[in-house]
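Below is one structure; the comments refer to it alone.
The values are calculated or read from the model by the stated rules, or taken from the named source; none is laboratory data. Because the structure is a prediction, the values reported are computed rather than measured. Backbone-built Cβ (ideal geometry, glycine too); neighbour counts: all protein chains shown. Note: accessible area is taken over every heavy atom of the protein model, side chains too, but ligands, DNA and RNA are not part of it. Shrake-Rupley method; radii C 1.70, N 1.55, O 1.52, S 1.80 Å.
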Amino acid sequence: MRQEVKEKINLELVNTEALIEDLRRRKFTGYVKITSWDAEDYIPFYDGEINRIFIVSKRGIEETNYTTYGFPQTGMLEIIETDPVSIVHGLRNDFNPERDGPLCLAGYGDEFHPTSSLSHIDIDQFKTLAKKSHFNGYMLFHTKREPVGMVIFYNGDPAGIFAPERSGEKAVQYIRINSRGGFVSTFLLEPDFVPLLLSMVRLEVIKEGDITEKAEMDAVRDDIKGRRMSALLYLDGGRARRYYQFFYRGKEVKGLLQGLFSIDEVSEEDVDFPGRFTLYPLYVDTNPSPVRFSLKASEEVIDRVPPQKLNEIKEALLDEMGPVAKIVWKKLFDEFGWDEESVPASKLDEFIERLAEEIPYDDHRSAFLKRVRRSRE
């Protein structure tokens, strides 16, 4: 994540109102950091827009908006320019390695190409360029508020596709739908780290607990090293401090400390804050196979199910399940990575079968399938 301090000023000398208006007018992307004796305040900008303000202190993180925020009387003010992904990263409300996998580390790496509108980038041309240059890194698809998904490349080939709670073709569908009108950013990674990042899919907890002092963290690390494990050790110290330590066969490969708007490499000695640790085994494929993907609408996606037909199916489900049908309906759309305007006709039978599996009683399930199938004749 790019971090460049543009200016550092004593707060007592700053015309804060004029400064904020100037950053808005310049469509600044970055953040203002204010350090006072008892807190650090962060004012993030994305293209000049302020979404919210974070106040970090011993009490934790408080959020407020600019209209109710009061600048401290004393302290130091820094203007830090960064890439858009750093701001998107900071605005995320929740991080969950088991749900988000590699997306937790969105923005880590060296910027390969500045953030661009997705509509301006030819993805197929990028794949050709990646192949020629033996690119190691990832393409991140995102909006101004959240990461949508990523495609990870290894030695020039796409090797993994991820979205929240999805991978593979389901992730492609999710990215295709949810990145409309969004952006794409690309980042370089060290080749040795890519297989570890790919292995973050479908993480399962094998050990967890609370860490109150560094010796306890060292004991967990020693166990990993002694057992020659490939693993991810994750320490959640709160929204402003999260630590990821990657091991391959008992040897540390990388330690990453995640702050509000940054992800930095750190050594074991630099991590001594309390938190909740979780240990995940990693099943590392050191020679991942290429995968195919396209974000262009295929013939399968163009041939969509008409809205009237979907409404008939939804009504049949409501009649057999009652109000809970609405929850099941949304859950399966999330599972397939579709919205109601993008259901491929070739996948409709599979979708209907999945709906039927959610109906707990045999007679209601049979009635649903009979009604739906009859309406399709």
Note on ARG176: of the conditions (1) under 30 Å from LYS347 (Cβ atoms); (2) surrounded by fewer than 19 Cβ atoms within 10 Å (Cβ to Cβ), unmet is (2)
Only residues that are assigned to a strand (DSSP E or B) and not charged (D, E, K, R): list them for region 234-243, please.
-> TYR234, LEU235, TYR243
Result of the Cβ filter at 6 Å on region 272-287, keeping first residues that are basic (Lys, Arg) and partners that are open to solvent by 80 Å² or more (accessible area, probe 1.4 Å), at least 6 apart or interchain, is ARG276/ASP210
If you go through region 218-233 one residue at a time, do you hit one that is closer than 30 Å to SER342 by Cα, assigned to a loop (DSSP other than H, G, I, E, B) and in contact with a strand residue (DSSP E or B) (Cβ under 8 Å, 6 or more places away or on another chain)?
-> no
Kindly establish whether ASP223 is open to solvent by 20 Å² or more (accessible area, probe 1.4 Å), acidic (Asp, Glu) and within 17 Å of the chain's Cα centre (by Cα).
-> no
Residues of region 57-84 classified as of a type in the set (Val, Ile, Thr) and closer than 21 Å to GLU7 by Cα, total = 4
Within region 1-29, the count of residues that are farther than 24 Å from SER262 by Cα and among the basic types (Lys, Arg) comes to 1
Strands (runs of 3 or more DSSP E) within region 14-125 that include 3 or more residues open to solvent by 70 Å² or more (accessible area, probe 1.4 Å) | 110-117
Looking at ASP272, is it part of a strand (DSSP E or B) and open to solvent by 50 Å² or more (accessible area, probe 1.4 Å)?
-> no
